Structures are given as structure tokens and as C-alpha cells.
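Below: one structure, written as C-alpha cells.
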Amino acid sequence: MEYATVQGVDVPKVGLGTWRMEGRECRETVETALDLGYRHVDTAQVYGNERQVGRAIAAADVDREDVFLTTKVNPRKAGYDDLLLSVGRSLERLETDYVDLLLLHWPNPLVDVGETMDAMAALVDRGAVRHVGVSNFGVRRLRKARKAASVPVFADQVQFHPYSPQRDLLRYCQREDVLLTAYSPLAQGSMLDDDVVADVAAQYDKSPAQVALRWATQHRNVAAIPKSTSRDHLAANLDIFDFKLTREEVDRITRPSRLKTGLTMVRGML
């Protein structure tokens, strides 16, 4: 496993995303992932699966301290009191005293981001949250959140893949020592049918999915959280650190002429 080191903290560069996982499938997938060696798990209040994620982590033969656990606050709960109450309930569902990273899932234009960051800072002071951040924030909003926060903003979770390389945001995060967490790193499966990615994958005897994940994780300050429920796919997603794409290959995969044919940005909450 490789790690993204941000603000002195090591975060596994590949984690497990749990969007659209429910019930028994979610719990068993998290258990399988932890058994395979995953130590980074991502969930959210709006996913409705925090309870299953928590049970899987509690049942695993892995110390809680060894798992980097992220959850995200429903933007409807972005106000100070609502956020404190909702995170308390998240901790109960997750069966843990703290989360490693708490994110605001989406900007809420009806709540000043300073109020949200104040509530997150209070949770850091209480020991209920170790690090705070945001999700689906562009550079302007991220800069505003950082300015309003009394504790360091650790991460911004966004869609990040060869069709959405987020160049300006990536440069900003690298410059300011902020983690960029890549959701949908396979572009909702579009990477699997990409001829250029397939050609590069064949050269390394890897799958297109593995090349797409390697593309993401080779970037400094980036961790990726692909979703999979298959044990074989979960294992394959970890098996990406024995090769490295060249600069030419990275450019081939992401060259501007190809971006126009890529996946459009996902509009829902991931």
C-alpha cells in the first residue's frame, strides 16, 4: 500500500467507497475489504449504511486505530446545532468514539460555511473527529472554507479521473497540503471501455480499472475510493502499486482532445 501524506498524516491511497451499498451486502463487502488489507473506508449519512459499515469494522480482526474512517454530513445538517447532533448519531451508528475524517458532503448555500466549520472544530476539540474537510467544493469554495475554519481543512472529496482531472483544484490542494479524495475514479465505469486506457493496461498486464486507479493515485496528495462488492475486484483494486505510468502515458490518457468525449460530471451526491 502507498500512502498520501498530508499535514503529517498518512492516508492509504486506496480506500473503499460505499455509495449505493446497503444492508448485508454493505457489511459483508466492508468485512471482505478489511480482510484483504483495506484500511481506508468511506461512508456518509445520506448513504444510509453507516450502521453496516460500523458493524463490519467492529467485527473485523483489525484495530479501530488502524482504519482511516470517513463519513460525510448531510448538507441539510450543516447548521451548528444540527451538525453536532447528526454527527453524534453517526458515531452511534458507526459504533465508534471518533471518525478520522468528517466532511460536509455538499455545499449548502443557505448556511454560512463558517458556521459549519465552527461546529466541526468543536467536534475536533471534543475528540469526536480527528480531521475535517469538505466534499464537492471547487477552489473558490475550498479557499473560503479554509479561511473560515479555526482548524486545518484536511480534505476535499471530489470526482477525479482521466475525464475529470480537476487540474486547478489538484494544484491548489498540492500547494496548500490538502488531501484530494477521488470518488468515481473509474468514471462510473467508462474507463473500462476506453481504448487508450485498455492499450496502456495491456502493456503492464493490468486491467483498465487498475490503470485508471494508478493514474489517480500517482498524483501527489490524492487518495482514491473506488466502489466494488466483488472480492476479486476489491483485491485487484489494491494490486496497483507494482507498476508506474510514465509521463507520456499519463498524458495520453488525459490529453485535452479526449476530455470532450469523457463522462459528464455526476450531478447526484456521491
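The values are calculated or read from the model by the stated rules, or taken from the named source; none is laboratory data. What you are looking at is a predicted structure, and each value in this text was computed from that prediction instead of being measured. Accessible surface is based on the protein model in full, side chains and every heavy atom, while ligands, DNA and RNA are left aside. Shrake-Rupley method; radii C 1.70, N 1.55, O 1.52, S 1.80 Å.
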Cα axis of helix 167-176 to longest principal axis of the chain: angle in degrees, 0 to 90, nearest 10?
60 degrees
Let me know the shape class of the stretch 124-201, please: from the alpha-carbon gyration tensor, a ≥ b ≥ c as square roots of the eigenvalues, rounded when a/c is under 1.5, otherwise prolate if a/b is greater than b/c, or oblate.
prolate
Per residue, how much accessible area does the chain show when a 1.4 Å probe rolls over the protein heavy atoms, in square angstrom?
45 Å²
Everything considered on the Cα gyration tensor (a ≥ b ≥ c; rounded for a/c under 1.5, else prolate if a/b is larger than b/c, else oblate), the stretch 125-170 must be described as oblate
Helix 208-217 against the longest principal axis of the chain: what's the angle in degrees, Cα atoms only, rounded to the nearest 10?
50 degrees
Helical contribution to [θ] at 222 nm, DSSP H n ≥ 4, -39,500 (n - 2.57), averaged over the chain, rounded to 500:
-12500 deg cm²/dmol
For K144, counting only lysines whose alpha-carbon sits under 21 Å away and dropping same-chain residues fewer than eight positions off, the answer is K72, K77
How high is the relative contact order of the chain, in percent, with contacts defined as C-alpha pairs under 8 Å that are six or more residues apart?
19 percent
